[in-house]
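One structure is given here, and the rest of the page talks about it.
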Amino acid sequence: RSEGTFLTVLGFGTGNLKDSKMEQMADKGNGHYAYIDTFREAQKVFVQEFGGTLFTIAKDVKIQVEFNPAKVQAYRLLGYENRLLAKEDFADDRKDTGELGAGHTVTALYEIVPVGAKPVALVDDSLVYQDVSLRPGARRTSDLLTVRLRYKQPDGSVSKLLTSAVADRGASPASEDMRFATSVAAFAMLLRDSENKGTVSFDQVIEMARAARGADPEGYRGEFIGMVQAAKTLSQE
């Protein structure tokens, strides 16, 4: 890794497959991992996504999201439990994190409770030595959150910082991609029987995914809908 060689790990077959071990090996090798279980998945990894696997455009990518407390009273990140960093580690270039390949994108979903909604019952985590207060401009701005991203060049050792504020533009229709991503997140919470799944059902996930399927030229979204239908059938047995 220190000499610029990135390791991609691919799993085949059945039996003693350990997804967590593949992920750990790829992480240590600054690469990616995937499990090839069908011809369609092989085509996805070796054709559609092969350029991103071969060509890393940024390494040790870290993302930090700060919500404006004047707009958001509570938030929760969906997933990424094994990717969380302490806030002190964001600017620490010694911390090894994920890589981005050419053409790759990253999606992070948050569940938020806006200010003015029913208050969320929070654990008392009062600070002993500090007082936390809003800056004067927090209530005057339309910013909902600020995203900070740090990354290194593939052959670099010092990170660069990018910062972008996201304004609250009020209610607007969600894109197909966002609605489909929401159905995937809901499906994951159902599979894990998450305490945060609320009243969502397999039928609702299928309905959301079908409504946001769009053109689907590679058939991946249709494959996902079939996966949810299979999970629904298995859950009824």
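The values are calculated or read from the model by the stated rules, or taken from the named source; none is laboratory data. Keep in mind the model is a prediction, meaning the values are calculated, not measured. So basically every Cβ, Gly included, is an ideal-geometry build from the backbone, and we count neighbours across all protein chains shown. Areas reflect the complete protein model, heavy atoms only, side chains present, ligands, DNA and RNA absent. Shrake-Rupley method; radii C 1.70, N 1.55, O 1.52, S 1.80 Å.
Quick check on segment 57-74: of everything there that is hydrophobic (A, V, I, L, M, F, W, C) and open to solvent by 50 Å² or more (accessible area, probe 1.4 Å), which residue is farthest from the chain's Cα centre (by Cα)?
Per the criteria, the residue is ILE57.
Which of the residues belonging to segment 20-32 are farther than 15 Å from THR5 by Cβ and open to solvent by less than 80 Å² (accessible area, probe 1.4 Å)?
MET22, GLU23
So that you can scan it fast, the table gives a plain yes or no per residue for (1) in a helix (DSSP H, G or I); (2) over 14 Å from LEU78 (Cβ atoms); (3) open to solvent by less than 20 Å² (accessible area, probe 1.4 Å):
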position	(1), (2), (3)
PHE187	yes, no, yes
THR199	no, yes, no
ALA209	yes, yes, yes
ASP216	no, yes, no
MET227	yes, yes, no
ALA230	yes, yes, no
THR233	yes, yes, no
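Condition check: assigned to a strand (DSSP E or B), at pLDDT 85 or above and over 24 Å from SER183 (Cα atoms). Does LYS21 satisfy that?
No; evaluated as a whole, the condition is false for this residue.
How many of the residues in segment 33-54 are in contact with a Gly (Cβ under 9 Å, 6 or more places away or on another chain) and surrounded by 14 or more Cβ atoms within 10 Å (Cβ to Cβ)?
Summing the residues that are in contact with a Gly (Cβ under 9 Å, 6 or more places away or on another chain) and surrounded by 14 or more Cβ atoms within 10 Å (Cβ to Cβ) in segment 33-54 gives 7.
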